[in-house]
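A short worksheet on the structure shown next.
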Amino acid sequence: MTRIYSLAYLSSHRCTPAEAIGVAAKTGYSFVGLRLWPNAVGAPQQHLLGQPDALRETLAAQADTGVGVFDLEIIRIGEQFDPHTWDALYDAGAALKAKAILVAGDDTNEARLTENYARLCEVMKPFGMTADLEFMPWTAVKDANAALRIVQGAGSPANAGILVDALHVGRSTTTLDDIRAIPRELFHYAQICDALAGLNFSTEQMIHTARCERLLPGDGTIDLQGLFDALPADLPVSVEVVNFGREANTSVKDWAAECLAKSRTFVET
């Protein structure tokens, strides 16, 4: 079975959206992921929203290469959540024919978080994208069970989804049985990378690894083979490996190619 691979934002963070599409086309990816909304105020992102020239350039790169946009980042559901804050992101996603938007849950009031996730799914419905809730151990959605509880509590909308990142499986209480318990229709893609697995990391250490120092698949101790055996065999894979130290000595193209080659080992067996 041929897998679909997407070059995640964190693997091509040095690129503009159009440049990322070009790199993906040259290195064997069918899609890219773009971070058009930062994960924190002033944090790194790719600039396209409100920039018609950048949008045209990105659409032209898609047309030239055939590489699509799989997911957009990022929507964070906090206490004062308003789904219309991200209207420009929905519009861009529709223009780019993106398939998904990555969602993080920051509200520790789970009932309110669940209600707001349902609101988000409703607002996103006309734009043709799924709202994929990613569990991360330092957020209010700490593991796969919490993500499933929230999505099901929201009524499992047709465009709901759960995003599994190998890093967060390896550093949360999530088990492979928890992954297997997620209904197939909630899976739209999964993210692969490696790291040292375990539950003894501080929040600061976990965030640093996630944003700056992930390892190539096979270089850490996460059970990647077990995870991808537990996930659906036809699930698209987002290759998400950021490592500032390693990347300093290689081009974006060579890094993207190496990340994909190392990922295939665990995904195509």
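Gyration tensor analysis over the Cα atoms of the chain returns equivalent ellipsoid semi-axes of 25, 23, 17 Å (largest first, whole Å). Estimated at 0.36 nm per residue, the fully extended path between Thr173 and Asp223 surpasses their Cα-Cα distance by 16.7 nm. The 3J(HN,Hα) values that the Karplus relation (6.51, -1.76, 1.60; θ = phi - 60°) gives for region 234-250 are, in residue order, 9, 6, x, 10, 8, 8, 10, 10, 10, 8, 4, x, 5, 5, 5, 10, 8 Hz. Gly and Pro appear as x.
Over region 145-269, consider all pairs of different Cα atoms and compute the Kirkwood hydrodynamic radius from their mean reciprocal separation; express it in Å, one decimal. Taking the inverse mean of 1/r over all distinct Cα pairs, region 145-269 comes out at 15.3 Å.
Annotation: region 67-171 has a Kirkwood hydrodynamic radius of 13.6 angstrom, from the mean reciprocal C-alpha pair distance. Calculated from the alpha-carbon coordinates, region 59-110 shows an Rg and a Dmax of 13.8, 46 Å respectively. Sorting Trp138, Trp255, Trp37 on solvent-accessible area from highest to lowest, probe radius 1.4 Å, gives Trp37, Trp138, Trp255.
Each Cα pair under 8 Å and six or more residues apart adds its separation to the average, and for the chain the resulting relative contact order is 19 percent.
Helices that extend 27 Å or more along their long axis by alpha-carbon positions and average at least -1.0 on the Kyte-Doolittle scale are absent among the DSSP H runs of the chain. Using a simple spin-label model with pseudo-atoms 7 Å out from Cα toward Cβ, Leu199 and Arg3 lie 2.8 nm apart.
For the chain, the number of Lys pairs separated by eight or more positions or lying on different chains, with C-alpha atoms closer than 16 Å, is 4.
Note on region 1-50: along the principal axes its Cα atoms extend 41, 19, 18 Å, ordered by decreasing extent.
Accessible area of Arg246 (1.4 Å probe, protein heavy atoms only, ligands and nucleic acids ignored): about 100 Å².
Using the Cβ-Cβ distance between Glu110 and Phe244 with R0 set to 25 Å, the FRET efficiency works out to roughly 0.15.
What FRET efficiency comes out for the pair Lys125/Ile207, r = Cβ-Cβ distance, R0 = 30 Å, nearest 0.05? That pair, Lys125 with Ile207, gives E of 0.40. If R0 is 25 Å, the Cβ-Cβ spacing of Ala94 and Ala233 corresponds to a FRET efficiency of close to 0.25.
The values are calculated or read from the model by the stated rules, or taken from the named source; none is laboratory data. Keep in mind the model is a prediction, meaning the values are calculated, not measured. Neighbour counts are summed over all protein chains in view; Cβ atoms, including those assigned to glycine, are modelled from backbone coordinates with ideal geometry. Ligands, DNA and RNA are stripped out before the accessible areas are found, and what is left, the full protein with its side chains, is counted by its heavy atoms. Shrake-Rupley method; radii C 1.70, N 1.55, O 1.52, S 1.80 Å.
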